Amino acid sequence: MSKRWSYLTVEVKTSMMGLQKADDIQAELSRQGQLGWELVNIIVPAPMRPALLVFKKEL
C-alpha cells in the first residue's frame, strides 16, 4: 500500500527592510518539527516577499 501524506505551507514574513530573518525561519522550522512535520522545500518567490515553507507529514 502506498503512503499517504498531508501537506502544510507556512509563510514567514520579511522584516521591515524586506529581508528574511534566519531566526524567524529557524523558529518556524523548530515549531513545525515538534508537531511532526518534515520540511520539503523553502520557496522565496522574489526579493522583499515572504518565504514559503512547505512541510509534509505521513497520515
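Nothing in this text is a laboratory measurement; each read-out follows from the coordinates by a stated rule. Note that the coordinates shown come from a computational prediction; the quantities given were computed from them, not determined experimentally. Glycine gets a Cβ as well: all are built from the backbone with ideal geometry, and neighbour counts include every protein chain shown.
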TODO: Kindly indicate whether any position in segment 12-24 is surrounded by 12 or more Cβ atoms within 10 Å (Cβ to Cβ), charged (D, E, K, R), assigned to a helix (DSSP H, G or I) and free of Cβ contacts under 8 Å to residues at least 40 places away in the same chain.
DONE: yes
TODO: Output yes when any residue across segment 28-46 is within 8 Å of the chain's Cα centre (by Cα) and among the hydroxyl-bearing types (Ser, Thr, Tyr), and no when none is.
DONE: no
Task: Selection count, segment 25-55, where residues are assigned to a loop (DSSP other than H, G, I, E, B) and surrounded by 14 or more Cβ atoms within 10 Å (Cβ to Cβ) - done: 3
Task: Search result, residues across segment 12-50 that are in contact with a Gly (Cβ under 9 Å, 6 or more places away or on another chain) and among the aliphatic types (A, V, I, L, M) - done: Leu39, Met48
